[in-house]
Amino acid sequence: MTSASRPKKTRVPAILCAGIIVLDEVFQVERFPPPDGKAQAQGFFAVNGGCAGNAAVAITRLGGRTILASPLGGPAGEDANGDRVLAALAREQIDCSGCVRVAGAATPLSAIFIDTRGERMIVTYRDARLATATPADPQRLVAHADAVLADNRFPEFVGPICAAARARGLTTVLDADRPTRVSDELFRIATHVVFSSECLRATTGLDDLGAGLVRMRSETASFLAVTNGANDVLWLDGPTLRHSPVFAVEAVDTLGAGDVFHGGFTLALAEGQGNAASLRFAAAAAGLKCARLGGGTTAPYRAEVEALIAQGAPC
């Protein structure tokens, strides 16, 4: 059995994704506009986005079952963007029963520029009223989950869910995407914390990512890793800093790649793969996503990821 093959199980793992869902409006440009300047878009599309939303799609396509919990604008019928993102998620066969519609609030919206190298600039509007939303019954949400993946964009919402998951002894992965304090309680609640490079640097004040992970080790006993674009994923194996290579792809769109990575990593852990194998599986999924235009909607399917891993070692 290869590291990418799912162990034989009678039940497909169910992953609860908790955090932010966004409607992304994406503009394709040759180059980013300068300050006070303008740019002509060569293309435009609107897709679902956000850490939790993208991860949920990735997990479903990779062979998992997904439950999604997020605060959205509402109520239904009055917040068109919220209705739109939920309809798209339903088409992906994602259970959105954990989502909370906040009356009078607007669903998050992003304006995104993607240049010809696949790099992106993002401006996001998040209604402040969503930040105070809480899940109605965290224990019920995690009752049938095999693992939880949460991002930290709405800590008041995901905190109770993560705590309920840990009380059940579940693997709980934190997508540390938003800069915060090193003492943030979510770092201690989660069993696994995977930072973006931007979040780790801003949170610790350290430019060296390896040093940043070591700094976080004094705050939590959780598994710690950090993604860094096309560079190796760094992670701590006890006191040892290890490198997990990524896969060589021609990137055309990095939007959603980190979310796909977190989704693949959490699913692999839930299937019983170890930390190193789960990072490799996640890197393959994220690499395939980067080679396709369309944000998180172009997350790969299981067979594609296994085929890429079978081709050989990452770059």
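The values are calculated or read from the model by the stated rules, or taken from the named source; none is laboratory data. Keep in mind that this is a model prediction, so the values were computed, not measured. Cβ atoms come from the backbone with ideal geometry, glycine included; neighbour counts cover every protein chain shown. Please note that ligands, DNA and RNA were not included when accessible areas were found on the heavy atoms of the full protein model with its side chains. Shrake-Rupley method; radii C 1.70, N 1.55, O 1.52, S 1.80 Å.
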Which percent, nearest 5, of DSSP beta bridges in the chain are antiparallel? 40 percent
Only four residue types carry charge here, +1 at the Cβ of Lys and Arg and -1 at the Cβ of Asp and Glu. Report the dipole size of the range 119-224 about the Cα centre in Debye, rounded to the nearest 20. 200 debye
Choose one of Ala310, Asn54, Cys99: the residue whose Cα lies farthest towards the positive end of the charge dipole of the chain (beta-carbon charges +1 Lys, Arg; -1 Asp, Glu; about the Cα centre). Ala310
Fraction of beta bridges assigned by DSSP in the range 165-315 that are antiparallel (%, nearest 5): 45 percent
DSSP-loop trypsin sites (Lys or Arg not before Pro) across the range 91-163, with at most 16 other Cβ within 10 angstrom: Arg117
Would you rank Lys38, Lys289 by solvent-accessible area, highest first, keeping every protein chain in place and using a 1.4 Å probe? Lys38, Lys289
Starting from the amide H of Thr66, placed 1.01 Å from N in the peptide plane, find each other amide H under 5 Å away whose residue is 5 or more places distant or on another chain. Ile15, Asp95
Within the range 60-121: Cβ-based charge dipole about Cα centre, in debye rounded to nearest 20 (Lys, Arg +1; Asp, Glu -1): 200 debye
Can you send over the solvent-accessible area of Val102, 1.4 Å probe, protein chains only, in Å² to the nearest 10? 30 Å²
antiparallel share of DSSP beta bridges within the range 45-161, to nearest 5, in %, is 55 percent
Before I look further, what does the chain give for accessible area per residue, probe 1.4 Å, in whole square angstrom? 42 Å²
Return the single residue from Leu267, Leu293, Leu255 with maximal mean-square fluctuation; model: Gaussian network over the chain, springs between Cα atoms under 10 Å. Leu293
What are the trypsin sites (Lys or Arg not before Pro) within the range 156-202 that DSSP puts in a loop, where the Cβ has at most 15 other Cβ atoms within 10 Å? Arg168, Arg181
If exposed means no more than 15 neighbouring beta carbons inside 10 Å and the site is in a DSSP loop, what's the longest run of the chain without any exposed GluC sites (Glu not before Pro)? 120-249
Evaluate the relative contact order of the chain (contact order divided by residue number), counting alpha-carbon pairs under 8 angstrom at least 6 apart; express in whole percent. 19 percent
Pairs of Cα atoms under 8 Å, at least six residues apart: use those to get the relative contact order of the range 114-212, whole percent. 20 percent
How large is the Rg to Rh ratio of the chain when both quantities use alpha carbon positions and Rh follows Kirkwood? 0.94
Of the options Pro245, Thr191, Leu213, report the single residue whose Cα projects farthest towards the positive end of the charge dipole of the range 148-253 (beta-carbon charges: Lys, Arg +1; Asp, Glu -1). Thr191
For the chain, give the percent of accessible area contributed by carbon and sulfur heavy atoms, probe 1.4 Å, rounded to a whole number. 53 percent
Quarter of the surface of the C-alpha convex hull for the range 217-313, i.e. direction-averaged projected area in nm², equals 6.4 nm²
Amide N of the range 41-58 lying under 17 Å from the label point, which is placed 7 angstrom from the Cα of Glu25 along Cα→Cβ: 41-50
Could you work out [θ]222 nm for the chain from helices alone, using -39500 (n - 2.57) per DSSP H run of at least four and dividing by all its residues? Round to the nearest 500 deg cm²/dmol. -9500 deg cm²/dmol
